Every structure is written in C-alpha cells, then in structure tokens.
Amino acid sequence: MSARILEGKTFAAAFREEAGKRAKILHQKYGVTPGLAVIIVGENPASKVYVRNKHKSCEELGIYSEVIEMPETATKDELIAEIDKLNASDRIHGILVQLPLPKQIAAYEAEILERIDPKKDVDGFHPVNVGRLVTGQKALIPCTPHGCLKMLQLAGIPIDGANAVIIGRSNIVGKPMAHLLLAENATVTICHSHTKNLKEVTKNADILVAAVGRPKFVTADMVKAGATVIDVGINRIAPKKLLGDVDFENVKEVAGAITPVPGGVGLLTVAMLMQNVVTACEMQIAK
Ligand code: NAD
C-alpha cells in the first residue's frame, strides 16, 4: 500500500493562520505590530527569492517587514553596525541575516550571528537559543526542524517512545531536530557521514528524517515498513528540477507516511519564521 503523503501546503497554511491570529491579538491587546528585519548582503539570486517570499508572507499576515540590502562588498563591521541598529529598534522584534554570506565575510558568520540580540534571533541560531533548546527552556527554535516537529504532531504521528533516526548533524537541521524529538520523548539516533552500517540504523526508525543534501540518498531498502519519512533535502539538479534526499517513488511504497519534494518541508520554513517573529514579539512584551 502506498504511503500517506504529508503535503507541506496543508500544514504551512495552518501554521501561517496561527501566526496571523497571534499577530492580530498582539495588535488588539497591546497596539504592537510584530516586525521582522531581513538583512541580505550581495546579489545571490536564490537568496533574493527567499527574502522576497519572507517579505510577502509578512505583508499577508499583518507583520511589519523591512529588507535591508547591503552591497556584495559590505564589510563585517558594516554588517554588525546594521545589526546593532536593529537590536536597538522598537519597531523590530525579529532579525534575520540571510545566508550564505559573501566570501569576504563568510568566515565571520558565527560572530555576526552572535551579534543578534538572542531575543530577536528568529532563526534560532544564536548559542543562547541553542542552549535553551538543549536544556528544555523556552527558546526561539530553528524554523525548518520546528516545522517538521509541528507537522508530525498535527498529522498525529506518535512521537513518544518512537525510534527517531536523523541523517545529518548540521546546526540548522539535524542537531535541533534531534533535540526537539528528544524533548517529545522519542529515542533519538543521529547519523552522519562517519556512521557505520547506516542501513541497519535507519531500518529501525519509526520516524526517519533525512537532512543530508544528496539526491535520492534514502532508498526503499533503508526504510522500515510503515515508517514516517521526513525529507528535508533540497537538491537542485537542473534550473527547474528539485529532488529531495529520499527516493520518493520507491520509498512511498514502503513507508506509512512521507513528505514530497518539492511541496513538503520546504513550504513549512517561512510559515515557521512567521511564528517565530510573533513568538519573539510576545516574549519581548512579556518582559
Ligand atoms: P549540511 O551539509 O550542513 O549537513 C549535511 C549532513 O549530512 C552532515 O551532517 C553530514 O554528516 C551528513 N552526511 C553527508 N553525507 C552523508 C552520508 N554519506 N551518510 C550519512 N550522513 C551524511 O546540510 P544541511 O544544512 O543540514 O541541509 C541538508 C539538506 O536540507 C540540504 O539539501 C538543504 O538544502 C536542505 N535544507 C532544507 C531546508 C528547508 O527549508 N526545507 C532548510 C535547510 C536545509
């Protein structure tokens, strides 16, 4: 039997609606409009599309949005000065520096991201938010793994006591995903490029999350019958052709539920960013 397809657009619509409702409450109760500032450095065409989508999404949900465009040649100090201004602004509750950064400042990425006030760190990459997530405190959580967790919950996939296997250990996806599932009482295994006998590990997974960055990396023989398979991968193999990390056509015949690419997890990220901007605003008001 073919797997249940977890369509990203259904879940993204629910998460966006929730963000919009919470933004409205903030406006009605406190007269505050949540505000997001996105800084983009340089001319990366993919980054420009992402930033445009974020801006549009804010407009649709009644969230104030500013896009700060800096030239490709911007220095680390110029970028930091811009972050400092936004840290001090009452209008802005969330700050995001669009990655990747141009070559001359890419080496300072950690320092630049740490300059963002943790209360406004809507990407959830600041060590303070990472530490809060790991220690089970209220935190701003990276959007993509948070979207995956919320999708699993809304889809009614059992997490408590499940064997969850994550392939990939990046700070953006793999590690936060592991902590989120652990906090929901899953038994979590993280696999990576040095993992031995990967298939033996993934075959045990009730929930399998692929965040590798290799097209069709997860094949049907790696998946337990009935498992839920979440494909975070976005691999552009031609100008208009995206493939996930999972061999969708074959894996869907084994899995119980599966996300497609495109049309799956990718749609959740911006919706969860909207939620983070609202959450950041709520947390700043509560202080
Ligand atoms: P990354 O390159 O930082 O990490 C990839 C991970 O895969 C590493 O931890 C590495 O150890 C692991 N890996 C590589 N080869 C492996 C192998 N042979 N066996 C086991 N593990 C292996 O990537 P990332 O930033 O975590 O992104 C992963 C994928 O998710 C990419 O395709 C990226 O485009 C996509 N992504 C999607 C979204 C979204 O919005 N849907 C957001 C972020 C990333």
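Limited to the range 59-71, what total is found for residues that are in contact (Cβ under 8 Å) with a residue 60 or more places away in the chain and assigned to a loop (DSSP other than H, G, I, E, B)?
Initial filter on the range 59-71 (in contact (Cβ under 8 Å) with a residue 60 or more places away in the chain): 61, 63.
Within this subset, residues satisfying the condition of being assigned to a loop (DSSP other than H, G, I, E, B) are 63.
Here the count works out to 1.
Return the only residue of Ile190, Ile172 being under 30 Å from Gln98 (Cα atoms), among the β-branched types (Val, Ile, Thr), in contact with a Lys or Arg (Cβ under 7 Å, 6 or more places away or on another chain) and within 13 Å of the ligand (Cβ to nearest atom).
Working: Ile172 fails: in contact with a Lys or Arg (Cβ under 7 Å, 6 or more places away or on another chain).
Exactly one residue qualifies, and that residue is Ile190.
Tally the residues that are in contact (Cβ under 8 Å) with a residue 40 or more places away in the chain and of a type in the set (A, V, I, L, M), restricting the search to the range 230-250.
Counting residues in the range 230-250 that are in contact (Cβ under 8 Å) with a residue 40 or more places away in the chain and of a type in the set (A, V, I, L, M) gives 2.
Collect the residues in the range 102-124 that are assigned to a loop (DSSP other than H, G, I, E, B), open to solvent by 20 Å² or more (accessible area, probe 1.4 Å) and of a type outside the set (D, E, K, R), keeping them in residue-number order. Break it down into steps so the answer makes sense when it comes.
From the range 102-124, those assigned to a loop (DSSP other than H, G, I, E, B) are 102, 107-108, 116-117, 122-124; that's our starting set.
In the following step, the residues that additionally are open to solvent by 20 Å² or more (accessible area, probe 1.4 Å) were identified as 107-108, 117, 123.
Within the range 102-124, Ala107, Tyr108 qualify.
Would a scan of the range 261-272 turn up a residue that is in a helix (DSSP H, G or I), open to solvent by less than 20 Å² (accessible area, probe 1.4 Å) and within 20 Å of Lys138 (Cα to Cα)? So that I can check it myself, show each step before the final result.
Of the residues in the range 261-272, the ones in a helix (DSSP H, G or I) are 265-272.
When the remaining residues are screened for being open to solvent by less than 20 Å² (accessible area, probe 1.4 Å), the result is 265, 268, 271-272.
Still in the running and within 20 Å of Lys138 (Cα to Cα): 271-272.
Checked the range 261-272: at least one residue is in a helix (DSSP H, G or I), open to solvent by less than 20 Å² (accessible area, probe 1.4 Å) and within 20 Å of Lys138 (Cα to Cα).
Suppose the filter is farther than 17 Å from Asn276 by Cβ, in a helix (DSSP H, G or I) and not charged (D, E, K, R); does Ala23 pass it?
On the way: farther than 17 Å from Asn276 by Cβ: no; in a helix (DSSP H, G or I): yes; not charged (D, E, K, R): yes.
Judged against the criteria, Ala23 is not a match.
Considering only residues that are under 29 Å from Lys21 (Cβ atoms) and in contact with a Lys or Arg (Cβ under 8 Å, 6 or more places away or on another chain), which ones fall in the range 68-89?
Leu86, Asn87
If we scan the range 192-213, do we find a residue that is at positive phi and not assigned by TED's automatic domain parsing to the domain that holds Pro45?
Filtering the range 192-213 down to residues at positive phi leaves 197, 213.
Subset that is not assigned by TED's automatic domain parsing to the domain that holds Pro45: 197, 213.
There is at least one residue in the range 192-213 that is at positive phi and not assigned by TED's automatic domain parsing to the domain that holds Pro45.
I need a count of the residues in the range 166-179 that are assigned to a loop (DSSP other than H, G, I, E, B) and open to solvent by 70 Å² or more (accessible area, probe 1.4 Å).
First, the residues of the range 166-179 that are assigned to a loop (DSSP other than H, G, I, E, B): 168-173.
So of that shortlist, the ones also open to solvent by 70 Å² or more (accessible area, probe 1.4 Å) come out as 169, 171-172.
Selection size over the range 166-179: 3.
Against the condition open to solvent by less than 50 Å² (accessible area, probe 1.4 Å) and on the phi > 0 side of the Ramachandran plot, how does Gly42 come out, does it pass?
Criteria met by Gly42.
Which of the residues spanning the range 1-56 are of a type in the set (Val, Ile, Thr) and modelled with pLDDT of 95 or more? So that I can check it myself, show each step before the final result.
So the first thing to find is which residues in the range 1-56 are of a type in the set (Val, Ile, Thr), and the list is 5, 10, 25, 32-33, 38-41, 49, 51.
Those that are of a type in the set (Val, Ile, Thr) and modelled with pLDDT of 95 or more: Ile5, Thr10, Ile25, Val32, Thr33, Val38, Ile39, Ile40, Val41, Val51.
Restricting to the range 192-241, count the residues that are of a type in the set (S, T, N, Q) and in contact with a helix residue (DSSP H, G or I) (Cβ under 9 Å, 6 or more places away or on another chain). Break it down into steps so the answer makes sense when it comes.
Filtering the range 192-241 for residues of a type in the set (S, T, N, Q) gives 193, 195, 197, 202, 204, 219, 228, 235.
Narrowing the set further to residues that are in contact with a helix residue (DSSP H, G or I) (Cβ under 9 Å, 6 or more places away or on another chain) leaves 195, 202, 219, 228.
Summing the residues that are of a type in the set (S, T, N, Q) and in contact with a helix residue (DSSP H, G or I) (Cβ under 9 Å, 6 or more places away or on another chain) in the range 192-241 gives 4.
Under 7 Å between Cβ atoms, which residue pairs at least 6 apart in sequence (or on different chains) link something in the range 72-84 that is under 9 Å from Val41 (Cβ atoms) with a partner that is open to solvent by less than 40 Å² (accessible area, probe 1.4 Å) and of a type in the set (Phe, Trp, Tyr)?
Once the first residue is under 9 Å from Val41 (Cβ atoms) and sits in the range 72-84, no partner that is open to solvent by less than 40 Å² (accessible area, probe 1.4 Å) and of a type in the set (Phe, Trp, Tyr) comes close enough.
Would you pick out the residues in the range 224-260 that are more than 19 Å from the chain's Cα centre (by Cα), assigned to a loop (DSSP other than H, G, I, E, B) and within 15 Å of the ligand (Cβ to nearest atom)?
Listed by number, the list holds a single entry, Asp247.
For the range 180-203, give me each residue that is open to solvent by 80 Å² or more (accessible area, probe 1.4 Å), under 12 Å from Asp160 (Cβ atoms) and part of a helix (DSSP H, G or I).
Selection gives Leu182 alone.
The values are calculated or read from the model by the stated rules, or taken from the named source; none is laboratory data. Quick caveat, the model's predicted, so the values are computed rather than measured. Reconstructed Cβ throughout: ideal geometry from the backbone, glycine too, with neighbour counts over all protein chains shown. Surface areas here come from the heavy atoms of the whole protein model, side chains and all, with no ligands, DNA or RNA. Shrake-Rupley method; radii C 1.70, N 1.55, O 1.52, S 1.80 Å.
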